[in-house]
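A.B. asks: Could you have a look at this structure, given as structure tokens, before my questions?
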Amino acid sequence: MDSPRLTPEEVRHIALLYRMGLDEDEVERLRNQLSDILANFRALQEVDTTDVPPTGHSVELLNVMRDDDTFTPMPAEDTLANAPLREDDFFRVKAVLD
């Protein structure tokens, strides 16, 4: 059975909702494309999913983050030793905002 196709008026209405200006060639092209998309959704609706449990993801997700390692930080004097500008125990930077 051939699925029903969208009419040019329906495509123009959809374009109006999305604030799209379409010429007649674009209306016809979108009519065919949107009709094909809807036909695919109709085919998906026919698939029996009664024994398929709902899932959030199609594949199992793994945590790829590494464990945090703790360490003793460098002394402030060593950290600031190569700073181009410094003020007491802080880096001095040029102003970003006035």
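The values are calculated or read from the model by the stated rules, or taken from the named source; none is laboratory data. Since the structure is predicted, the reported quantities are computational estimates derived from the model, not experimental observations. Positions of Cβ are backbone-derived with ideal geometry, glycine not excepted, and every protein chain shown enters the neighbour counts. Only protein heavy atoms, including side chains, enter the accessible area calculation; ligands, DNA and RNA are left aside. Shrake-Rupley method; radii C 1.70, N 1.55, O 1.52, S 1.80 Å.
A.B. asks: Please tell me if F41 is of a type in the set (F, W, Y) and either in contact with a strand residue (DSSP E or B) (Cβ under 8 Å, 6 or more places away or on another chain) or closer than 30 Å to F90 by Cβ (or both).
C.D. replies: Working: of a type in the set (F, W, Y): yes; either in contact with a strand residue (DSSP E or B) (Cβ under 8 Å, 6 or more places away or on another chain) or closer than 30 Å to F90 by Cβ (or both): no.
The answer is no for F41.
A.B. asks: Only one of (1) within 26 Å of the chain's Cα centre (by Cα); (2) part of a helix (DSSP H, G or I); (3) of a type in the set (S, T, N, Q) is not met by S58, so which one is it?
C.D. replies: So S58 meets the others, but not (2).
A.B. asks: Among the residues of segment 69-83, what is the count of those that are over 41 Å from the mean Cα position of the chain (by Cα), part of a loop (DSSP other than H, G, I, E, B) and surrounded by 10 or more Cβ atoms within 10 Å (Cβ to Cβ)? Before the answer, list the steps.
C.D. replies: Keep residues of segment 69-83 that are over 41 Å from the mean Cα position of the chain (by Cα), which gives 75-78, 81-82.
Now drop any that are not part of a loop (DSSP other than H, G, I, E, B), which leaves 75, 81-82.
Within this subset, residues satisfying the condition of being surrounded by 10 or more Cβ atoms within 10 Å (Cβ to Cβ) are 81.
Count: 1.
A.B. asks: Restricting to segment 32-63, and then to whatever is touching a residue at least 24 places away in the same chain (Cβ under 8 Å) and in contact with a Ser or Thr (Cβ under 9 Å, 6 or more places away or on another chain), can you tell me which residue is least open to solvent (accessible area, probe 1.4 Å)?
C.D. replies: Residue satisfying both the conditions and the ranking: S35.
A.B. asks: Only one of R86, R92, R29, R66 is touching a helix residue (DSSP H, G or I) at 6+ places or on another chain (Cβ under 6 Å) and open to solvent by 90 Å² or more (accessible area, probe 1.4 Å). Can you tell me which?
C.D. replies: Unique residue meeting the criteria: R86.
A.B. asks: Among the residues of segment 2-23, are any in a helix (DSSP H, G or I) and in contact with a Leu (Cβ under 6 Å, 6 or more places away or on another chain)?
C.D. replies: Our first condition is that a residue be in a helix (DSSP H, G or I); within segment 2-23, this holds for 8-17.
Narrowing the set further to residues that are in contact with a Leu (Cβ under 6 Å, 6 or more places away or on another chain) leaves 11, 15.
Within segment 2-23 (the criterion being in a helix (DSSP H, G or I) and in contact with a Leu (Cβ under 6 Å, 6 or more places away or on another chain)), the answer is yes, since at least one residue qualifies.
A.B. asks: Under 6 Å by Cβ, and 6 or more places apart or on different chains, what pairs join a residue from segment 1-30 that is free of Cβ contacts under 8 Å to residues at least 24 places away in the same chain with one that is among the small types (G, A, S)?
C.D. replies: What qualifies is L22/A15.
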